[in-house]
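Data first, discussion second: the structure below is written as structure tokens.
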Amino acid sequence: MFLNGGSPSRRGGDQRQDLVDILFSWDSAVRKPEITEKDLVAFFTDSYEHIRRRHYARRRRNRALIGYELARERTAVVDSFIKQALSQYGYPELKGVSIVALGGYGREELSPYSDIDLLFLHEKGSKGLAEEIIERLLYLLWDTKMDIGNCTRSVDECRELSMDKNDVTILSSLLDSRFICGDRGLYDELENEIYGEVLPKISHDFIKRKIEERDSRGERYGKTLYILEPNVKEGRGGLREFQTAMWIAQASYKAKNFEEVLQRGFISEKEYMVMRKCLNFLLLVRAQLHYQAKRREDNLSFEFQSQAAKSFGYRDGNLRAVEKFMRIYYLRAAVVVQQSRRLTEKCTRVYARGRLTRKAVHLDHGFTIRGKYLSVTSRNVFSEDFCNFLRAFEYADRYSVEFTEYLELLMGEQVFRVDEKVRNDPEFNRIFTRLLRFGKDVSKMLLKMNEIRLLGRLIPEFGKIVCMVQFDSYHVYTVDIHSIFMVREIERLINYEYEEKFPFLTKISEALVKRHVLFLACLFHDMGKGQGGSHAQKGAAMIPKIAERMGLGASDAEQLEFLVRHHLAMVHFSQRRDLEDPVVLKRLAKSIPDQETLSLLYLLTFADIRSVGPDVWRDWTGMLLQELYIKTLRQMSAGTYRRKTEEEWVHKMTSDIVADAEGEIPERKVRKILKKMPISYFSQFSRQNILRHVKLIGSMEGKFATEVVRYGEYDEFTVCAPDKKGIFSVFCGILSANGLNILGARIVTTLDKKALDVFYVDRADHLTEEEYDEVWKKVEKNLRKALDGDVDVDELVERRKRNYSSYGRKVPEYPPEIVFDNESSDKATVMEVYAHDREGLLYGITKAIAELGLSIDYAKISTKADQVVDTFYVRDSRGRKIGGPKKLKKIEDSLISAVS
């Protein structure tokens with residue numbers, strides 16, 4: 001290793017090997033005139049390249065602490081470069097000046113493109129010498145293409161700046177300092193000042209600020225470590241998490257490095273080894289990111305994850321290689337969080353003695369409460385009675401207290417004792433079920449159970465999805481955290497936190513009796529992921545065994561199995577099917593056992609979507625789900641959705657609209673307009689909407705008429721124009737060309753050949769009201785020109801594509817897919833298009849459909865981050881469903897071409 005003074009192994013064809021050998025055996029006191037600046041830079045480049053090759057040559061079986069080794073080798077290269085450069089410049093010994101490494105360089109944790117931070121420490125009268133050295137050395141360092149940070153200070157200046165209680169950045173960097181070369185006595189003086197003078201005076205404020213910084217980083221980089229694209233350095237569970245704990249340990253105990261923390265007994269040997277393993281992994285991942293990006297890059301984004309997984313030796317199986325790799329990442333990051341928080345807790349205990357002075361309240365089973373903390377009276381409390389694992393959570397929830405660091409550590413050490421025998425213990429399961437039934441903050445308890453790995457031991461089927469990643473840009477959290485967050489969403493409904501935002505769902509939650517079944521459905525709904533095939537079916541197949549083990553009654557077990565098996569049903573029907581189609585409603589209503597199960601399924605669906613990510617739920621989503629729930633409930637209650645015949649319904653609606661329009665539109669005109677509408681129109685729209693359509697058509701003077709109605713997060717855009725082939729595609733193109741995102745559409749063709757199309761359009765949050773009004777004015781202008789033949793819609797859409805990109809970052813893409821369904825509708829073929837989203841995609845699809853000679857009766861657009869599922873009810877030129885494999889294959893090929 002470089003660290004031990006050896007040289008890199010000889011590489012075939014390496015003409016600079018002799019140079020490397022010379023530099024590593026350099027006696028810095030002897031000037032070597034034959035070595036030039038160019039040779040020094042070549043040494044640096046060759047050495048870094050050698051380390052890069054060692055990084056990629058590692059094998060899974062011998063990684064050990066290779067991440068640390070390579071980081072220290074990089075550090076040794078920079079150290080040697082600086083020493084040899086100074087010697088070459090005629091500064092073999094520096095009196096009154098000390099060159100000091102700071103930051104990651106000081107900690108010997110250099111990544112390939114990390115900054116090299118230097119402090120040129122000088123005594124009084126030597127500042128000129130320090131500045132002279134800086135000028136010569138920095139020019140040479142810049143030739144290495146590395147980013148260099150530097151500062152020049154005296155010991156007094158360092159002490160004064162470190163005393164700032166409001167900005168602890170400088171003190172933090174000095175705690176990471178490491179002597180490189182120069183006046184050793186001067187550096188020792190600095191260390192004595194920091195550890196002997198500064199820290200004793202401001203350690204309390206320093207620790208407080210570091211904890212505040214840690215928490216604020218959580219706001220910037222994600223409150224949970226289980227986010228899709230974690231930051232390896234600054235994110236939760238990243239390298240900075242541990243560094244913060246070390247800074248706090250240095251301030252509390254004057255421990256200068258992690259080894260000293262171990263030697264002084266603040267952590268166990270096992271904790272030390274586990275943490276070293278995890279930090280080694282993070283250093284390897286960070287180095288991998290730098291090498292792939294060819295620059296400093298700390299965000300483990302989609303574009304890097306697959307290649308990193310391959311480099312780490314993972315291969316596709318039931319889980320994709322990238323999902324295996326990311327699962328390991330989260331498991332290691334979780335350990336970093338736990339161990340760092342425990343070390344911080346030990347260090348800060350001295351500042352929180354107030355909580356320990358209160359009188360203890362003794363509970364049953366060996367538990368005590370002191371202040372706001374729960375603890376135990378004996379280390380044997382769990383080995384003597386395994387049920388105490390769950391009683392700890394029951395007590396914490398009941399009395400709203402936190403676990404002491406000792407209790408949490410003890411549980412983490414003992415959790416392996418929860419085995420098959422314990423899992424099958426009736427009392428053990430009764431306590432868990434009781435917590436689900438009556439707990440005040442169940443999701444918080446489940447998160448803590450998951451953190452110490454008790455939840456996966458209690459329910460091994462759940463353990464298989466812990467830290468499981470879904471490699472797409474839609475799911476923000478890992479599967480386990482997403483499932484627990486679903487419980488949190490239900491609790492917010494139950495506790496009336498969403499009463500104003502979601503009054504209808506809150507009202508339904510009031511009648512919730514079997515909340516334990518719903519909570520279990522939240523936990524189990526995605527258990528089948530990673531096993532191939534339908535995860536809903538796979539997960540449902542596990543329920544009977546789990547239910548028996550947990551002692552659930554037969555009806556609860558059946559209901560739980562149904563919810564897991566059909567947890568995607570309401571999403572599917574609401575976002576991909578026509579809710580005015582009686583066949584759809586009958587099909588769904590028939591599949592649901594009773595109204596209670598429908599309500600549970602509705603709540604489960606709400607929680608599922610809300611817990612995917614912070615911006616996934618939209619008003620449009622909620623409107624569709626509520627509409628589906630109400631109509632399905634009516635279907636189940638009445639036995640049939642429409643009590644009147646179609647003719648009776650049309651007659652009633654016509655009479656109602658005539659009455660509503662009285663005084664505004666003559667009855668004769670209203671009846672004339674409605675008489676031209678197809679029968680299906682009257683079941684598609686509400687009475688209020690039909691009245692608006694009548695007014696719009698009645699006021700139509702030119703070639704078209706439009707109307708925009710605003711509903712919170714989405715707008716309803718209605719356009720009426722003479723019908724012609726591809727007119728719907730033209731409308732889609734105009735909207736797309738103006739940056740409007742279509743959520744859904746209803747297509748009506750009147751008997752006198754008018755197209756009355758209604759679009760539901762997502763509101764553009766980044767636009768002001770004035771800007772948004774301008775967009776709609778531009779839509780009308782473009783529409784007029786398109787209908788007059790004065791503008792090419794293709795060109796408008798292409799211009800939009802050139803000027804805007806839907807996604808500024810690389811995200812996982814999947815092959816497009818076309819799915820046909822001839823069962824869901826009596827009149828049309830339902831066609832689902834799965835594709836990667838981009839500007840003009842919907843226009844391209846609808847244009848291809850028009851060119852195939854198909855007519856669209858209904859369209860629903862569903863977008864999950866960067867992936868779309870566009871559903872179209874289509875008929876052929878004769879108004880019939882599309883049959884025959886050849887016809888379907890032709891349509892499939894055309895659409896695949898359009899979306900590729």
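Quick notes on this one:
- Per residue, in Å², the accessible surface of the range 642-687 once ligands and nucleic acids are set aside, probe 1.4 Å: 67
- Judged by the gyration tensor of its Cα atoms, with axes a ≥ b ≥ c, the range 459-641 is rounded; a/c sits under the 1.5 cut.
- Highest-first packing order for the peptide set 655-662, 330-337 is 330-337, 655-662, based on the mean count of other beta carbon atoms within 10 Å.
- Relative contact order for the range 356-442, counting Cα pairs under 8 Å that sit 6 or more residues apart, in percent: 26
- Surface share of carbon and sulfur [accessible, 1.4 angstrom probe, percent] for the range 247-372: 48
- Over 23 Å (Cα to Cα) - which of K208/K444; K631/K754; K210/K254; K725/K890 fall in this group: K208/K444; K631/K754
- Helix runs (DSSP H) in the chain reaching 27 Å along axis by Cα, Kyte-Doolittle at least -0.5: 66-88, 269-293, 321-348, 619-638
- Rounded if a/c under 1.5, otherwise prolate or oblate - the range 857-897, Cα gyration tensor axes: oblate
- Normalised by the number of residues in the chain, the mean separation of alpha-carbon contacts (under 8 Å, six or more apart) gives a relative contact order of 7 percent.
- Working from Cα pairs under 8 Å separated by at least six residues, relative contact order for the range 21-203 is 24 percent.
- Note on K124: lysines with a C-alpha under 20 Å away, same-chain residues under 8 apart excluded, are K95.
- Added length on full extension, which subtracts the Cα-Cα distance from 0.36 nm per residue, K440 to A554: 38.4 nm
- Carbon + sulfur, % of accessible area of the range 828-900 - ligands and nucleic acids excluded, 1.4 Å: 52
- DSSP beta bridges in the chain [antiparallel fraction, %, rounded to 5]: 90
- Charge tally in the Cβ shell below 14 Å around D419, where Lys, Arg are +1 and Asp, Glu are -1, D419 excluded: +4
- Anisotropy class of the range 32-171 from Cα gyration tensor, a/c 1.5 cut: oblate
- In this structure, the residue pairs whose Cα-Cα separation is over 27 Å, taken from K464/K507; K781/K801; K501/K778; K201/K372; K507/K590, are K464/K507; K501/K778; K201/K372.
- Average accessible surface area per residue within the range 265-353, 1.4 Å rolling probe, Å²: 40
- Residues of the range 115-136 with an amide N closer than 13 Å to a point placed 7 Å from the Cα of I148 along the Cα-to-Cβ direction: 116-120, 131-136.
- Taking 18 Å as the cut-off, the amide N atoms of the range 733-773 that come nearer than this to a point 7 Å along the Cα-to-beta-carbon line of D619 belong to 740-745, 759-773.
- Burial ranking of peptide ranges 122-129, 849-856 (average Cβ count within 10 Å, highest at the top): 849-856, 122-129
- FRET efficiency for the I211 to L633 pair, using the beta carbon distance and R₀ = 41 Å, is estimated at 0.25.
- Label positions at N803 and N495, each projected 7 Å from the Cα along the C-beta direction, are separated by 4.7 nm.
- Distance (nanometres) between label positions extended 7 Å along Cα→Cβ at E851 and Y56: 4.2
- Straightening the chain between R692 and S591 buys 32.7 nm, computed as 0.36 nm per residue apart minus the Cα-Cα spacing.
- The fraction of accessible area contributed by carbon and sulfur in the range 642-687 is 50 percent, rounded to a whole number (1.4 Å probe; ligands and nucleic acids excluded).
- Relative packing of peptides 95-101, 423-429 - highest average C-beta neighbours within 10 Å first: 95-101, 423-429
The values are calculated or read from the model by the stated rules, or taken from the named source; none is laboratory data. Remember, predicted model here, so these are calculated numbers, not experimental data. Here the Cβ is made from the backbone with ideal geometry for all residues, glycine too, and neighbour counts use every protein chain on show. These accessible areas exclude ligands, DNA and RNA; they are computed on the full protein's heavy atoms, side chains included. Shrake-Rupley method; radii C 1.70, N 1.55, O 1.52, S 1.80 Å.
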